[in-house]
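In what follows, a single structure is set out as structure tokens and then discussed.
The values are calculated or read from the model by the stated rules, or taken from the named source; none is laboratory data. Not measured: the values here are computed from a predicted model. Neighbour counts are summed over all protein chains in view; Cβ atoms, including those assigned to glycine, are modelled from backbone coordinates with ideal geometry.
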Amino acid sequence: MIDARDTESLCPVCLARIPARRVVRESGVTLEKTCPEHGVFSALIWEGVPEFSTWQRPKIPTSPPHIGHPVARGCPFDCGLCPDHRQRSCTIILEITHRCNLDCPVCYADARGMDGDDPPLSTIENWYAAARRAGAGSNIQLSGGEPTVRDDLPRIVAMGRQAGFGFIQINTNGLRLARDSRYIRELKAAGLSSVFLQFDGTDDVIYNKLRGRDLLADKLAAIDACAKNHIGIVMVPTLVPGVNDHDIGNILRLAVDRSPSVRSVHFQPVSYFGRFPHPPADRDRLTLPQLMRCIETQSAGRFKASDFTPPGCENALCSFSASFLVMRDKNVRKVGGTGAGSCCPAPVNAEIGAATAIASVARQWAAPPPESTGPEPACNSCDCTTHGSMSLDGFLQRARTHLLSVSAMAFQDVWNLDLERARDCCIHVMAPDTRLVPFCLYNLTSSSGERLYRP
């Protein structure tokens, strides 16, 4: 054992709050905790380079609005947000349906088929008002279930724009977008900024395992439809070891080929919600450093692990990101910032980090100017290659339209939950009663499937 740092977590069996430690060993970093009733639990949270010690960042917290929900038991049982929370909302998720036109084995939202009633427009209008009070200026994601099963989704998007939210995104499997051209035109006209597209791989073998059917053709058609209507596309792979972690390089190559319509690839290593009576093994997890190294290896070094930086908004152990300029020859250049590596990193101001994250997501994940998505003019200079020189004007012009962001978010489950990370969360779900709940806590379940927050 080299080092240990104290935090808190929950018992995976009874959901009691218990002490926990981040234990640093030569083999990796584990979160270890003991419930007096249910025993000892351990989960791998970091492994290999970049080193855990160089990645973490001290943070100067901010105080998000506390809008009056009662506080009785303390974190994580009184989210509202409660006064212990250390970061404001950057993205607020509104779950506008529990229905879904797929039946995926892997589902954060526990979608329940096509039966059931959706929240009425009056309720959603109230959610927008609550979001404005608690997180003015935040980005909005409309989710579910599958939000496109609602015929009135364009109206819901328009309501959000009228409520003062400048960036509205839908979290979707893309099936209806691929098949209903009128619907996607209506979404664009209503003010939709971006599509957060479930995109698990470039092979239908993957979709059959994770989603139960062939879906690749629909995914590609959805990308084409969004590109045609100038809606920004974020490809979102849920990565499951042994299922699609070998396809990371192919996903990145497709994103580069579809730039600038594809604005980002946002990887999400699988989290274990629902009924899991036994802790997931370390081999069932993909940690952030493992993912960074997979990106470098599978892209043959086009995207390097050293390119990626910790976040300035959420906790450093939650995510990584980098931006790349896609050149005319489909090579990429890292843009801005330097990777982790400092032994004495400067403190991060949470308020500044939140403002920066909100603005950068809205700018990067929205569509580029329409003229940038058409056929490129013939290249008459060496500016098209990563090996030739590029004028400053040429660089700035291309950066305005052809940036591709690559990022990842490591959501927590009950086995690896670190309450210090949860208190730094900036992605909040609007509960039906207008409480704002950090995403991981909202979706958290015990090993038997008991929910902490989700209805």
Among (1) surrounded by fewer than 22 Cβ atoms within 10 Å (Cβ to Cβ); (2) assigned to a helix (DSSP H, G or I), ILE295 falls short only on (1)
Is it fair to say ARG283 is at negative phi, basic (Lys, Arg) and free of Cβ contacts under 8 Å to residues at least 60 places away in the same chain?
yes
State all residues of segment 212-258 that are part of a strand (DSSP E or B) and either touching a Ser or Thr at 6+ places or on another chain (Cβ under 6 Å) or closer than 18 Å to LEU404 by Cβ (or both); if no residue qualifies, say none.
GLY232, ILE233, VAL234, MET235, VAL236
Scanning segment 353-369 residue by residue, those touching a helix residue (DSSP H, G or I) at 6+ places or on another chain (Cβ under 8 Å), in contact (Cβ under 8 Å) with a residue 40 or more places away in the chain and not hydrophobic (A, V, I, L, M, F, W, C) turn out to be PRO368
In the set VAL13, VAL40, which member is under 16 Å from LEU444 (Cβ atoms), among the β-branched types (Val, Ile, Thr) and modelled with pLDDT of 95 or more?
VAL13
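To keep it simple, each residue is scored yes or no on (1) buried (at least 21 other Cβ atoms within 10 Å of the Cβ); (2) closer than 26 Å to ALA136 by Cβ; (3) at pLDDT below 80.
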{"site": "SER372", "(1), (2), (3)": "no, no, yes"}
{"site": "PRO375", "(1), (2), (3)": "no, no, yes"}
{"site": "ALA399", "(1), (2), (3)": "no, no, no"}
{"site": "MET409", "(1), (2), (3)": "no, yes, no"}
{"site": "VAL414", "(1), (2), (3)": "yes, no, no"}
{"site": "CYS425", "(1), (2), (3)": "yes, yes, no"}
{"site": "PRO438", "(1), (2), (3)": "yes, yes, no"}
{"site": "ARG451", "(1), (2), (3)": "no, no, no"}
Which numbered condition trips up ILE140, out of (1) closer than 28 Å to CYS104 by Cβ; (2) surrounded by fewer than 23 Cβ atoms within 10 Å (Cβ to Cβ); (3) in contact with a strand residue (DSSP E or B) (Cβ under 7 Å, 6 or more places away or on another chain)?
(2)
Can ALA129 be described as part of a helix (DSSP H, G or I), within 30 Å of VAL240 (Cβ to Cβ) and among the hydrophobic types (A, V, I, L, M, F, W, C)?
no
If you go through segment 265-292 one residue at a time, how many are within 19 Å of TRP55 (Cβ to Cβ), in a strand (DSSP E or B) and charged (D, E, K, R)?
0
Which numbered condition ILE156 misses (of (1) free of Cβ contacts under 8 Å to residues at least 60 places away in the same chain; (2) assigned to a helix (DSSP H, G or I))
(1)
Any hit, segment 66-76, residues being under 19 Å from TYR442 (Cα atoms) and at pLDDT 95 or above:
yes
When you scan segment 155-210, how many residues do you find that are more than 29 Å from VAL270 (Cβ to Cβ) and either surrounded by fewer than 20 Cβ atoms within 10 Å (Cβ to Cβ) or hydroxyl-bearing (Ser, Thr, Tyr) (or both)?
18
Just give me the residues in segment 8-49 being β-branched (Val, Ile, Thr), touching a helix residue (DSSP H, G or I) at 6+ places or on another chain (Cβ under 8 Å) and either surrounded by fewer than 17 Cβ atoms within 10 Å (Cβ to Cβ) or in a loop (DSSP other than H, G, I, E, B) (or both), in sequence order.
VAL49
Only one of (1) closer than 24 Å to CYS90 by Cβ; (2) surrounded by fewer than 15 Cβ atoms within 10 Å (Cβ to Cβ); (3) of a type in the set (Val, Ile, Thr) does not apply to VAL361, and that is (2)
